[in-house]
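Undergrad: Before I ask anything, let me first share the structure, which is written out below as structure tokens.
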């Protein structure tokens, strides 16, 4: 595995990771330590605006901030990024906050990157591993694109909030982490067959996050004390693995390509982490991994592993398997350049129990 030395010259990572109960109250102190300024653009969505954005605004205003501009987005698109960028320039904000799930954080990430400013990531659900990474996943005209940006200068995760979030989102976050099992295998395969450069440190970090979720599956399922901290630690660790790698390689392989394919064809796509979990079961079968053990761990946590339970049609699963290789043709995975035939796609989906 170490035949190709990690030659990445620049690794950019968050400067501060703040995880714990009532962390919202520590925001003024965190911002002051980072010398970010006294005015910001806070990007969120409609749901989080009503629940938490006004609270964050009041905490900052009470501590002497000059201006906090709240802005809600409808979706994570390049058009929305341009709107936020115009607003940022108009109010002369000194930094950006992304508050909510994946969409506000991704828009804040790219908005701050284009403005050459820093941003703080404040996740209110533990559903994905983009919270501390340098990649922004945005919707283009026909498909979702992952764009290189810059990682947040700080991640502020309030477990008091995360503990109260719907468990389905936390479950999806676990699915996104456990899916690293196959993304790592894809990367190592590309290293062996295509001499692609790898990062042993990044791979070790990604493996650690899988192990952390796997070992604590019962605790997470029972939502025992500290469960959201474990999941958030795993998601942050996965983000850091991507920062170390300088790409999304350790966290995104054939299973993510399958998920993105589903996004493009499914009538009602499931959550990102749910789809990646199913994709990882399918790809583990192709990699000749112990897919049954991976599936069992996912089900122990509460992830749905059958298409019908996610309201996804069987033929959508098959079609996604057939076209997944074309989502990122430059990225070599177990799917190869030509992908799976219809017959093989059906056999893989049936053998793993994803479809009946």
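Undergrad: Hey, among 73, 43, 105, which residue is within 19 Å of residue 158 (Cα to Cα) and touching a helix residue (DSSP H, G or I) at 6+ places or on another chain (Cβ under 6 Å)?
TA: Among 73, 43, 105, only 43 is within 19 Å of residue 158 (Cα to Cα) and touching a helix residue (DSSP H, G or I) at 6+ places or on another chain (Cβ under 6 Å).
Undergrad: Looking only at region 261-282, which residues are over 22 Å from residue 351 (Cα atoms) and within 13 Å of the chain's Cα centre (by Cα)?
TA: If the condition is that a residue be over 22 Å from residue 351 (Cα atoms) and within 13 Å of the chain's Cα centre (by Cα), then 271, 272 are the ones that fit.
One line per residue, one yes/no per condition, for (1) outside the structural domain of residue 292 (by TED's automatic domain parsing); (2) under 14 Å from residue 234 (Cα atoms):
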{"position": "147", "(1), (2)": "yes, no"}
{"position": "153", "(1), (2)": "yes, no"}
{"position": "173", "(1), (2)": "no, yes"}
{"position": "184", "(1), (2)": "no, no"}
{"position": "188", "(1), (2)": "no, no"}
{"position": "192", "(1), (2)": "no, no"}
{"position": "197", "(1), (2)": "no, no"}
{"position": "201", "(1), (2)": "no, no"}
{"position": "204", "(1), (2)": "no, yes"}
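Undergrad: So residue 336 ticks every box in (1) part of a helix (DSSP H, G or I); (2) more than 21 Å from the chain's Cα centre (by Cα); (3) under 19 Å from residue 188 (Cα atoms) but one. Which box is left unticked?
TA: Among (1) part of a helix (DSSP H, G or I); (2) more than 21 Å from the chain's Cα centre (by Cα); (3) under 19 Å from residue 188 (Cα atoms), the lone unmet condition for residue 336 is (1).
Undergrad: From the list 32, 74, 7, which residue is exposed (fewer than 13 other Cβ atoms within 10 Å of the Cβ) and either more than 19 Å from residue 88 (Cα to Cα) or modelled with pLDDT of 95 or more (or both)?
TA: 7
Undergrad: Being surrounded by 16 or more Cβ atoms within 10 Å (Cβ to Cβ) and not in a loop (DSSP other than H, G, I, E, B) is the filter; apply it to region 84-95 and report the residue that is farthest from the chain's Cα centre (by Cα). Full working, then the answer.
TA: Taking region 84-95 and keeping what is surrounded by 16 or more Cβ atoms within 10 Å (Cβ to Cβ), we get 84-85, 88, 93-95.
Cutting the leftovers down to not in a loop (DSSP other than H, G, I, E, B) gives us 84-85, 88, 95.
On the way: 84: 21, 85: 23, 88: 25, 95: 22 Å.
Selected residue: 88.
Undergrad: Within region 306-322, can one find any residue that is surrounded by fewer than 20 Cβ atoms within 10 Å (Cβ to Cβ), closer than 30 Å to residue 223 by Cβ, in the same structural domain as residue 217 (by TED's automatic domain parsing) and in contact with a helix residue (DSSP H, G or I) (Cβ under 9 Å, 6 or more places away or on another chain)?
TA: Within region 306-322, one or more residues are surrounded by fewer than 20 Cβ atoms within 10 Å (Cβ to Cβ), closer than 30 Å to residue 223 by Cβ, in the same structural domain as residue 217 (by TED's automatic domain parsing) and in contact with a helix residue (DSSP H, G or I) (Cβ under 9 Å, 6 or more places away or on another chain).
Undergrad: Moving to a separate point now. Does at least one position in region 188-200 carry a residue that is under 24 Å from residue 16 (Cα atoms) and either buried (at least 21 other Cβ atoms within 10 Å of the Cβ) or modelled with pLDDT of 95 or more (or both)?
TA: Yes, because at least one residue in region 188-200 is under 24 Å from residue 16 (Cα atoms) and either buried (at least 21 other Cβ atoms within 10 Å of the Cβ) or modelled with pLDDT of 95 or more (or both).
Undergrad: If you don't mind, there's one more thing I want to ask. Output the number of the condition that residue 306 fails; it satisfies all remaining conditions of (1) in contact (Cβ under 8 Å) with a residue 60 or more places away in the chain; (2) within 24 Å of residue 166 (Cα to Cα).
TA: With respect to (1) in contact (Cβ under 8 Å) with a residue 60 or more places away in the chain; (2) within 24 Å of residue 166 (Cα to Cα), residue 306 is out only on (1).
Undergrad: Would you pick out the residues in region 96-118 that are under 12 Å from residue 81 (Cβ atoms) and not in a helix (DSSP H, G or I)?
TA: Going through region 96-118, the residues under 12 Å from residue 81 (Cβ atoms) turn out to be 96, 98, 103-104, 106-115.
Passing the criteria: 96, 98, 115.
Undergrad: Would you be able to say whether some residue in region 56-68 is in contact (Cβ under 8 Å) with a residue 60 or more places away in the chain, in the same structural domain as residue 128 (by TED's automatic domain parsing) and either within 27 Å of residue 271 (Cα to Cα) or touching a strand residue (DSSP E or B) at 6+ places or on another chain (Cβ under 8 Å) (or both)?
TA: Yes: one or more hits.
Undergrad: Right, residue 160: part of a helix (DSSP H, G or I), modelled with pLDDT under 95 and either assigned by TED's automatic domain parsing to the domain that holds residue 73 or under 20 Å from residue 232 (Cβ atoms) (or both) or not?
TA: The answer is yes for residue 160.
Undergrad: Restricting attention to region 191-212, which residues are touching a helix residue (DSSP H, G or I) at 6+ places or on another chain (Cβ under 8 Å) and assigned to a helix (DSSP H, G or I)? Spell out the reasoning first.
TA: Taking region 191-212 as the starting set, the residues that turn out to be touching a helix residue (DSSP H, G or I) at 6+ places or on another chain (Cβ under 8 Å) are 196-199, 201-203, 205-210, 212.
Answer for region 191-212, where residues must be touching a helix residue (DSSP H, G or I) at 6+ places or on another chain (Cβ under 8 Å) and assigned to a helix (DSSP H, G or I): 201, 202, 203, 205, 206, 207, 208, 209, 210, 212.
Undergrad: Another question, if that's okay. Among the residues of region 46-70 satisfying the criterion of being in a strand (DSSP E or B) and over 25 Å from the mean Cα position of the chain (by Cα), which is surrounded by the most Cβ atoms within 10 Å (Cβ to Cβ)?
TA: 68
The values are calculated or read from the model by the stated rules, or taken from the named source; none is laboratory data. Please read all numbers here as calculations on a predicted model, not as lab measurements. Note: ideal-geometry Cβ built from the backbone for every residue, glycine included; neighbour counts use all protein chains shown.
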